[in-house]
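**Student:** Here it is: the structure, laid out below.
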């Protein structure tokens, strides 16, 4: 074996030993995730359809996920979320967008929203979530 080959093998083994202890127990596709579930209500009534999305403030450490809102206003993030801070948006419509022809959708505009507009955009929402190293229950009460 040449000096180059032996050096490459030794370097590769060192790299494996050094990186074996890295990480926080996450999966092969990213950091460790923790269960997140809760409910969404607007003026005391459940939001009965739509999606809730969690955008990581730190894209390097965090994950971004979304969940479907059930008929009782509940949601559960199936894959969970990594520890960190998240901005939350909620998208819910009176009529499903897929059922509305594009010309009619343009006419409807914001009148088809089933939640206040500010919660549908990452730039205007004031909903936040801090995920710790444990299961998290996050109930959101939307206001006008």
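Just so it is clear, none of the values below were taken in a lab; they were calculated from the coordinates. Fair warning: this is a prediction, and the values are worked out from it, not measured in the lab. Positions of Cβ are generated from backbone atoms using ideal geometry, with glycine treated the same way; all protein chains shown enter the neighbour counts.
**Student:** Computed FRET efficiency, Cβ-Cβ of residue 123 and residue 32, R0 25 Å: what is it to the nearest 0.05?
**Tutor:** Efficiency, from the Cβ-Cβ distance: 0.25.
**Student:** Based on the mean of other beta carbon atoms within 10 Å per residue, what is the order of 112-120, 64-72, most packed first?
**Tutor:** 112-120, 64-72
**Student:** Report, please, the projected area of the range 101-144 averaged over directions, based on the convex hull of its C-alpha atoms, in nm².
**Tutor:** Hull-based average projected area comes out at 4.8 nm².
**Student:** Then there is this: Looking at the range 30-142, send over the antiparallel percent of its DSSP beta bridges, to the nearest 5.
**Tutor:** Counting only bridges with both partners in the range 30-142, antiparallel ones make up about 80 percent.
**Student:** Nearest 0.05, what FRET efficiency do residue 135 and residue 108 give at R0 = 41 Å with Cβ-Cβ as r?
**Tutor:** After rounding to 0.05, the efficiency reads 0.60.
**Student:** Shifting gears a bit: Let me check against my output: what whole-number percent is the relative contact order of the range 30-142, with C-alpha pairs under 8 Å and at least 6 apart?
**Tutor:** The value is 35 percent.
**Student:** May I ask you to compute the full-extension gain from residue 43 to residue 71, defined as 0.36 nm times their residue separation minus their alpha-carbon distance, rounded to one decimal in nm?
**Tutor:** 8.5 nm
**Student:** Would you kindly calculate the translational diffusion coefficient of the range 30-142, applying Stokes-Einstein with the Kirkwood radius from alpha carbon pairs, for 10 °C and a viscosity of 1.306 mPa s, and quote it in µm² s⁻¹ without decimals?
**Tutor:** Rounded, D is 109 µm²/s.
**Student:** By how many nm would the segment from residue 100 to residue 57 lengthen if fully extended, with 0.36 nm per residue of separation less the alpha-carbon distance?
**Tutor:** 12.2 nm is the gain from fully extending residue 100 to residue 57.
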